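Since the structure comes first, as structure tokens, the remarks are kept for the end.
The values are calculated or read from the model by the stated rules, or taken from the named source; none is laboratory data. Because the structure is a prediction, the values reported are computed rather than measured. Glycine also receives a Cβ, built like all others from the backbone with ideal geometry; neighbour counts cover every protein chain displayed. SASA here: full protein model, heavy atoms, side chains in, ligands and nucleic acids out. Shrake-Rupley method; radii C 1.70, N 1.55, O 1.52, S 1.80 Å.
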Amino acid sequence: MPYHRARVVGLDRIPAGPALFVGNHNGGFYTGDTYLFGAAVHRSRGLADTPWVLTHDLGLTLLGRWLRPLGAVPADPATAAALLARGDKVLVYPGGDADGARRWTQRRTVVFEGRVGHARLAVACGVPVVPIAAAGAHNTAIVLYDGAAVARLLGTRRWLRLVRWPLLLSLPWGLTFLPAVPYLPLPARITIVVGPPVHFDRHGADAAADEAYVRRCAARVHAAVQSLLDAAD
């Protein structure tokens with residue numbers, strides 16, 4: 001991983017058996033930390049612990065031919081639950097494009113926008129959440145403006161499942177104002193930290209239907225990822 005001088009620390013914290021990795025999303029369309037993390041887990045822990053990656057429909061539509069062989073699967077609860085039920089590990093970025101297209105000035109802030117689906121999934125399936133945080137990955141391009149207002153105006157949540165329309169400064173294009181732009185990443189140093197697993201007291205369908213409980217679980221996960229990002233160099 002010389003291009004990004006990448007480090008992945010805390011791999012020994014990954015538990016045996018099914019688990020849900022939850023991380024911060026970076027770099028818009030590039031998300032280089034995803035590939036770096038998957039490769040590090042595969043080398044250190046083997047295929048059994050290498051996660052499937054829940055992937056936005058737009059990514060699968062544009063790059064599915066290349067992403068699916070790398071472990072990309074549709075980002076829907078049924079797919080994730082089936083993988084966890086058979087003992088696999090799954091990686092999800094709850095913030096989606098809201099996190100991946102956050103302004104560069106927010107690069108040290110985890111943006112989940114109050115989303116709780118990941119916590120509901122872990123509670124329903126009875127699996128631990130393993131928080132991961134990537135520092136530096138949001139420096140591969142510069143998000144000048146997240147475009148939340150533009151996305152609302154265009155109604156992209158409805159027809160593209162996107163809530164951001166970012167203004168991006170990247171190579172080789174310079175300034176672009178589109179939600180999905182492949183670019184040449186800047187050689188930013190990336191550090192990925194794996195945190196201790198987060199275990200929940202209650203599991204199953206009844207617990208997953210308890211909205212207040214799920215929100216408390218989601219808040220714990222968000223705090224864990226943010227704490228890792230705060231401490232990462």
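A few remarks follow.
- Exactly one residue out of W165, W173 is in contact with a Gly (Cβ under 6 Å, 6 or more places away or on another chain) and either of a type in the set (A, V, I, L, M, F, W, C) or closer than 13 Å to G28 by Cα (or both), and it is W165.
- D233, sole failed condition from (1) at pLDDT 95 or above; (2) part of a loop (DSSP other than H, G, I, E, B); (3) of a type outside the set (A, V, I, L, M, F, W, C); (4) closer than 21 Å to T105 by Cα: (1)
- Scanning the range 9-67 for residues that are polar (S, T, N, Q) and either modelled with pLDDT under 95 or crowded, with 18+ Cβ neighbours inside 10 Å (or both) turns up N24, N26, T31, T34, T50, T55, T61.
- The listed residues are G136, G147, and the only one of them that is open to solvent by less than 10 Å² (accessible area, probe 1.4 Å) and in contact with a strand residue (DSSP E or B) (Cβ under 9 Å, 6 or more places away or on another chain) turns out to be G147.
- Residue in the range 88-95 that is open to solvent by 30 Å² or more (accessible area, probe 1.4 Å), modelled with pLDDT of 95 or more and in contact with a Lys or Arg (Cβ under 9 Å, 6 or more places away or on another chain) present: no
- Selection over the range 178-199 of residues that are closer than 29 Å to T156 by Cα and open to solvent by less than 20 Å² (accessible area, probe 1.4 Å) gives a count of 2.
- Long-range neighbours under 9 Å by Cβ, at least six apart or interchain, first residue open to solvent by less than 70 Å² (accessible area, probe 1.4 Å) within the range 218-233, second part of a helix (DSSP H, G or I) and among the basic types (K, R): A218/R120
- Pick from the range 200-217, criterion open to solvent by 30 Å² or more (accessible area, probe 1.4 Å) and aliphatic (A, V, I, L, M), ranking: nearest to A19 (Cα to Cα): A205
- L162 being at pLDDT below 95 and buried (at least 17 other Cβ atoms within 10 Å of the Cβ): yes
So that you can scan it fast, the table gives a plain yes or no per residue for (1) farther than 26 Å from A40 by Cα; (2) in contact with a Phe, Trp or Tyr (Cβ under 7 Å, 6 or more places away or on another chain):
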{"site": "G174", "(1), (2)": "yes, no"}
{"site": "Y183", "(1), (2)": "no, yes"}
{"site": "T191", "(1), (2)": "no, no"}
{"site": "P196", "(1), (2)": "no, no"}
{"site": "A205", "(1), (2)": "yes, no"}
{"site": "E211", "(1), (2)": "yes, no"}
{"site": "H222", "(1), (2)": "no, yes"}
{"site": "D230", "(1), (2)": "no, no"}
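- Within the range 113-125, considering residues that are touching a Pro at 6+ places or on another chain (Cβ under 9 Å) and open to solvent by less than 40 Å² (accessible area, probe 1.4 Å), the one farthest from P179 (Cα to Cα): A122
- For V110: the one exception among (1) at pLDDT 95 or above; (2) surrounded by fewer than 24 Cβ atoms within 10 Å (Cβ to Cβ): (2)
- Within the span defined as the range 98-105, one or more residues are of a type in the set (A, V, I, L, M), touching a His at 6+ places or on another chain (Cβ under 9 Å) and not in a loop (DSSP other than H, G, I, E, B).
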